[in-house]
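Everything on this sheet refers to the single structure shown next.
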């Protein structure tokens, strides 16, 4: 099925009125689109169209009116869900899937029958597992002496720290630009991944803001890091995970041909359908589109 281009919300509503048997799922990006489509087709639901939010024209003013940040694909997915719900579109006709992001840390009380949030902070965290990472690791670097368990263990702490730094910036509304090249703060010693936390904080915070704001940031960062979570995958940013795993495979395992897109795609291919089906979000999605 060919994806429509530049649908507006009114056209979507009209389509559901004319074709009540339509089943659409909207996600944030093309890689999410591929994962969800593969899941549904493997679950014998090939009649469902899985679409990236980029195919829908959602005015910036509509997003901002909902109190959501823009430009932001997550905000657009949430906005679409809210707008379609207001037009009485059925949850079985349209499902909008958005990353939970900071929702499990700072609940916004998002309530919409057409909206599903990921069970973890981001879609990429469904593949943050020893087995999935190990499968990719031994395929791209068959002579490796590392294991998926080693990589996950070494990255878990730093990734949670980075997530907490992002969350602190958002909570305090400091507007600090993120350092995209986070791999610069990582190295490998005696076969294990090391993170230079103090250097990251210096570059991200200390060199940018007044000491009084630095003290506020560090205090809030400590509070956020102290909060317990039932699953570390609720405290990791998906893009950070993919970036650092790509860095590891390229720099340590010498897989220079890999990039972040290819690594993410391999992880998505490696995860088993039954593992996804056992997750609440995917289980709920399957029930909705099967009715």
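Below are the figures for this structure:
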| read-out | value |
| --- | --- |
| Residue among 283, 219 that is in the same structural domain as residue 73 (by TED's automatic domain parsing) and over 22 Å from residue 180 (Cβ atoms) | 283 |
| Any hit, the stretch 37-47, residues being assigned by TED's automatic domain parsing to the domain that holds residue 285, in contact (Cβ under 8 Å) with a residue 24 or more places away in the chain and loosely packed, with under 14 Cβ neighbours inside 10 Å | yes |
| The stretch 74-110, residues that are under 23 Å from residue 15 (Cα atoms) and in a loop (DSSP other than H, G, I, E, B) | 87, 88, 89, 90, 91, 92, 93 |
| Among the candidates 191, 157, residue that is modelled with pLDDT under 95 and within 25 Å of residue 266 (Cβ to Cβ) | 191 |
| Residue ID - nearest to residue 253 (Cα to Cα), chosen from residues in the stretch 158-194 that are in contact with a strand residue (DSSP E or B) (Cβ under 6 Å, 6 or more places away or on another chain) and in contact (Cβ under 8 Å) with a residue 60 or more places away in the chain | 186 |
| Residue within the stretch 140-152 that is over 30 Å from residue 217 (Cα atoms), touching a residue at least 24 places away in the same chain (Cβ under 8 Å) and assigned to a helix (DSSP H, G or I) present | yes |
| Some residue of the stretch 9-21 being in contact with a strand residue (DSSP E or B) (Cβ under 8 Å, 6 or more places away or on another chain), outside any helix (DSSP H, G or I) and buried (at least 18 other Cβ atoms within 10 Å of the Cβ) | no |
| Lone qualifier among 223, 199 - being in contact with a helix residue (DSSP H, G or I) (Cβ under 8 Å, 6 or more places away or on another chain), in a helix (DSSP H, G or I), surrounded by fewer than 14 Cβ atoms within 10 Å (Cβ to Cβ) and on the phi < 0 side of the Ramachandran plot | 199 |
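The values are calculated or read from the model by the stated rules, or taken from the named source; none is laboratory data. Note that the coordinates shown come from a computational prediction; the quantities given were computed from them, not determined experimentally. Cβ atoms come from the backbone with ideal geometry, glycine included; neighbour counts cover every protein chain shown.
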